[in-house]
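A quick write-up on the structure given underneath.
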Amino acid sequence: MSRRVVITGMGIWSCLGTTLEEVKESLYAGKSGIGMEPERLELGYSSALTGIVPRPKLKGVIDRRLRVGLAEEGEYAFMATRDAFAQAGITQEYLDENEVGIIYGNDSSSKPVIEAWKIMEEKRDSALLGSGYIFQSMNSTVTMNLSTIFHLRGANFTISAACASGSHSIGLAYMLIKQGLQDMVLCGGAQETNAYSMATFDALSAFSKRMDDPQRASRPFDSARDGLVPSGGAASLILEDYDHAVKRGATILAEVTGYGFSSNGGGISQASDKGSETAMLRALADAGITADDVDYVNAHATSTPQGDTFEAMALDRIFAGKKALISSTKSMTGHECWMAGASEIVYSVLMMQHGFVAPNINLENPDEYAAKLNLTAKTVDMPVNTVLSNSFGFGGTNSALVIQKLK
């Protein structure tokens with residue numbers, strides 16, 4: 001069995017906005033969501049740059065006994081999921097009567113672990129931890145909480161694959177539906193933004209130090225880039241079997257047609273042009289298309305000196321002389337880490353729906369590898385029918401997705 005897989009709902013909670021309309025406007029305007037969190041310098045960070053993501057107010061929205069188990073990233077994911085189900089026309093009554101799966105990307109939940117240990121160090125009494133920290137502190141915090149809140153009874157697991165987590169979650173949901181194992185799956189990615197979660201990244205000297213001009217700090221493919229800017233939030237998508245969606249009268253936003261993956265097999269933080277290329281080529285082959293068919297590539301490019309170079313090399317080998325425009329939305333969002341692979345599909349669908357390609361802002365002087373690419377530093381109004389979106393992560397995990405306008 002091989003079924004068509006479509007997207008029928010999306011929700012987003014990011015530094016570009018907390019509604020699809022806000023995010024679309026930010027993308028079109030090339031508006032950055034990057035700012036400063038001075039507390040990070042006080043804590044010993046070398047950089048205070050971060051995506052500015054508002055914290056949801058859930059009191060009165062979710063019952064307290066359900067809120068207690070939600071970590072920060074779970075709160076973001078709840079808000080995104082609520083909107084995704086609403087756009088898909090999925091009510092709680094529907095969820096109670098039908099099997100819906102959940103596969104979500106998340107690879108850390110730092111704050112509750114640290115807070116719980118502080119209590120243990122000070123009070124020496126585990127009874128004072130209460131019941132919430134265990135459900136907040138596990139990597140599977142998003143799936144366990146959302147499956148409980150929304151009464152989901154299908155596939156239920158978390159993808160922990162570094163910065164490809166959100167992308168792999170969509171890819172695996174696509175595979176389950178394509179093979180007839182599920183009719184509908186909630187998938188996505190979530191990333192905490194608190195200072196605790198980013199200290200170890202900062203220790204790698206991975207962050208931009210361009211604190212005098214935060215909104216120009218994230219500069220993928222630019223020769224003057226000096227590191228990534230951490231960010232986060234959550235993005236949720238409802239994936240569904242095409243016939244199932246048509247039968248219930250759902251509005252189809254786009255079709256997922258290809259998923260490719262690979263592992264670099266090299267150093268734990270070493271990027272690879274070959275690994276990136278393999279994932280992209282597999283996604284194109286799975287979709288039954290070639291590079292000639294792609295209108296837009298949402299690059300992974302995080303604004304790190306090494307990572308952008310290796311991706312540019314791979315992109316050049318596949319897309320040299322082709323029509324596809326290339327940009328990295330991380331120039332506006334910073335690196336949304338575990339969320340990025342999912343949020344960038346949301347961004348790409350919004351571009352597809354509204355007929356534009358978002359800019360790679362802050363691209364003033366592409367480096368020698370990026371100079372070969374068909375990059376756009378400005379918003380381009382054009383039909384977008386086929387998108388390839390890349391996500392790569394520590395440990396050499398690579399994921400690439402193809403989405404297309406429904407034909």
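Just a few scattered comments:
- When each of 192, 121 is tested for being charged (D, E, K, R) and buried (at least 24 other Cβ atoms within 10 Å of the Cβ), the lone residue that passes is 192.
- Candidate set from the range 75-106 (those that are surrounded by fewer than 17 Cβ atoms within 10 Å (Cβ to Cβ) and of a type in the set (Gly, Ala, Ser)); member that is nearest to residue 160 (Cα to Cα): 86
- Scanning the range 208-244 for residues that are crowded, with 24+ Cβ neighbours inside 10 Å and more than 21 Å from the chain's Cα centre (by Cα) yields 222, 225.
- In the range 65-74, the residues that are part of a helix (DSSP H, G or I), buried (at least 23 other Cβ atoms within 10 Å of the Cβ) and not small (Gly, Ala, Ser): 72, 73
- When 387, 402 are checked against the criterion of being in contact with a Phe, Trp or Tyr (Cβ under 6 Å, 6 or more places away or on another chain), in contact (Cβ under 8 Å) with a residue 24 or more places away in the chain and part of a strand (DSSP E or B), a single residue qualifies: 387.
- Residue selected from the range 268-285 under the condition buried (at least 20 other Cβ atoms within 10 Å of the Cβ) and not hydroxyl-bearing (Ser, Thr, Tyr), by the criterion modelled with the lowest pLDDT: 271
- The residue of the range 311-324 that is farthest from the chain's Cα centre (by Cα), among those that are surrounded by fewer than 21 Cβ atoms within 10 Å (Cβ to Cβ) and not basic (Lys, Arg), is 321.
Residues are listed down the side, and each one gets a yes or a no for (1) in contact with a Lys or Arg (Cβ under 7 Å, 6 or more places away or on another chain); (2) acidic (Asp, Glu); (3) not in a loop (DSSP other than H, G, I, E, B):
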residue	(1), (2), (3)
318	no, no, yes
323	no, no, no
326	no, no, yes
345	no, no, yes
350	yes, no, yes
359	yes, no, no
363	yes, no, no
368	no, yes, no
395	no, no, yes
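- Test: residue 340 is among the small types (Gly, Ala, Ser), in a helix (DSSP H, G or I), farther than 19 Å from residue 255 by Cβ and in contact with a strand residue (DSSP E or B) (Cβ under 8 Å, 6 or more places away or on another chain): yes
- Qualifying residue in the range 42-54 (condition: in contact with a Lys or Arg (Cβ under 6 Å, 6 or more places away or on another chain) and in a loop (DSSP other than H, G, I, E, B)): yes
- Subset of the range 224-277 (residues that are of a type in the set (D, E, K, R) and under 30 Å from residue 213 (Cα atoms)): 225, 226
The values are calculated or read from the model by the stated rules, or taken from the named source; none is laboratory data. Since this is a predicted model, take the numbers as computed values, not measurements. Don't worry about glycine lacking a Cβ; one is built from the backbone with ideal geometry, like all the others, and counts go over all protein chains shown.
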